[in-house]
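*Asks:* One structure, as structure tokens, below. Some questions next.
The values are calculated or read from the model by the stated rules, or taken from the named source; none is laboratory data. None of these values were measured; they are calculated from a predicted model. Backbone-built Cβ (ideal geometry, glycine too); neighbour counts: all protein chains shown.
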């Protein structure tokens with residue numbers, strides 16, 4: 001009878017210990033959940049900020065493209081006005097040519113004058129070296145058929161200007177514009193670093209290169225990486241990238257990146273047509289940076305596009321063109337003599 005209360009009093013002591021352990025575990029689990037939620041909220045805010053930045057960049061690029069298009073339209077309008085003026089001058093010269101048919105030599109000199117003037121205007125208005133060179137060569141060919149000693153100085157002056165034009169570096173603006181269009185059309189097919197489908201195929205060459213690298217570096221880290229690649233290569237993919245955030249882009253962000261790249265290429269094409277070398281190089285640099293930051297340049301399409309942009313960036317748009325001062329001065333000196 002005396003032992004029963006003692007036994008009953010000591011029984012609950014072992015039951016309180018598991019309850020305390022359970023509370024501690026519950027608190028730890030709750031703290032882990034709170035930490036995970038805080039981390040997820042932080043990542044969501046960071047990604048939202050990145051999306052806003054990309055949208056702002058895209059809006060700025062679109063505004064810049066609109067401004068560049070307006071500048072290009074104004075320049076084209078000025079060129080069209082100049083072309084109309086040139087057409088009027090050509091019509092006046094042609095009319096003069098018809099009225100002053102006093103002989104074969106005089107008619108040929110009028111044609112030479114027209115061709116030299118046309119070449120000078122081509123260089124001044126459009127910068128078309130090929131057209132100016134063709135006009136001067138045609139003028140020289142007409143002078144070659146004339147046998148007049150007073151035309152020797154004119155032909156020498158035209159010959160010097162022809163040599164100066166031949167020394168001008170050729171710039172294929174049309175070819176560069178076509179390349180930029182082709183690159184812009186292929187942007188949607190390039191794999192991004194964030195694209196899980198962009199897994200490089202393991203070929204015999206890459207395997208042999210990996211074996212060679214393993215033989216050259218037989219340290220513990222190299223052997224461990226080789227073992228991990230063999231055992232878990234199909235489950236885990238390890239890549240070294242300069243911008244880890246490029247791997248976290250969502251589908252919407254990937255579309256923004258592609259859209260921004262196309263805008264940069266379009267801006268570069270507009271700057272090319274306007275011969276604005278500063279904007280042309282700035283837009284090319286931005287396009288190259290976007291490709292290097294977000295696209296998988298180990299894939300052939302993106303690598304080839306990056307190579308073409310580097311080659312295009314080496315082109316010079318604003319080439320110093322020579323003036324046809326010698327030919328024009330020789331013509332001015334010849335006009336009073338032929339008039340007599």
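*Asks:* Give 24, 112 a once-over and let me know the one that is part of a helix (DSSP H, G or I), farther than 27 Å from residue 269 by Cβ and modelled with pLDDT of 85 or more.
*Replies:* 112
*Asks:* Can you confirm whether residue 65 is free of Cβ contacts under 8 Å to residues at least 40 places away in the same chain and surrounded by 11 or more Cβ atoms within 10 Å (Cβ to Cβ)?
*Replies:* Here the answer is no, as residue 65 does not meet what is asked.
*Asks:* Further question: Filter the range 300-324 down to the residues that are loosely packed, with under 15 Cβ neighbours inside 10 Å and at pLDDT below 90, then identify the one that is nearest to the chain's Cα centre (by Cα).
*Replies:* Across the range 300-324, the extreme among qualifying residues is 313.
*Asks:* Given (1) surrounded by fewer than 16 Cβ atoms within 10 Å (Cβ to Cβ); (2) within 32 Å of the chain's Cα centre (by Cα); (3) at pLDDT 90 or above, identify the lone condition not met by residue 141.
*Replies:* (2)
This table checks each residue for (1) within 28 Å of residue 266 (Cα to Cα); (2) in the same structural domain as residue 77 (by TED's automatic domain parsing); (3) modelled with pLDDT of 90 or more.
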{"position": "98", "(1), (2), (3)": "no, yes, no"}
{"position": "107", "(1), (2), (3)": "no, yes, no"}
{"position": "116", "(1), (2), (3)": "no, yes, yes"}
{"position": "128", "(1), (2), (3)": "yes, yes, no"}
{"position": "184", "(1), (2), (3)": "yes, no, yes"}
{"position": "189", "(1), (2), (3)": "yes, no, no"}
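*Asks:* I'm told residue 209 meets every condition in (1) modelled with pLDDT of 65 or more; (2) part of a helix (DSSP H, G or I) except one. Can you identify the failing condition by its number?
*Replies:* With (1) modelled with pLDDT of 65 or more; (2) part of a helix (DSSP H, G or I) applied to residue 209, the lone miss is (1).
*Asks:* Of the conditions (1) under 14 Å from the mean Cα position of the chain (by Cα); (2) modelled with pLDDT of 90 or more, residue 327 clears all except one; give me its number.
*Replies:* (1)
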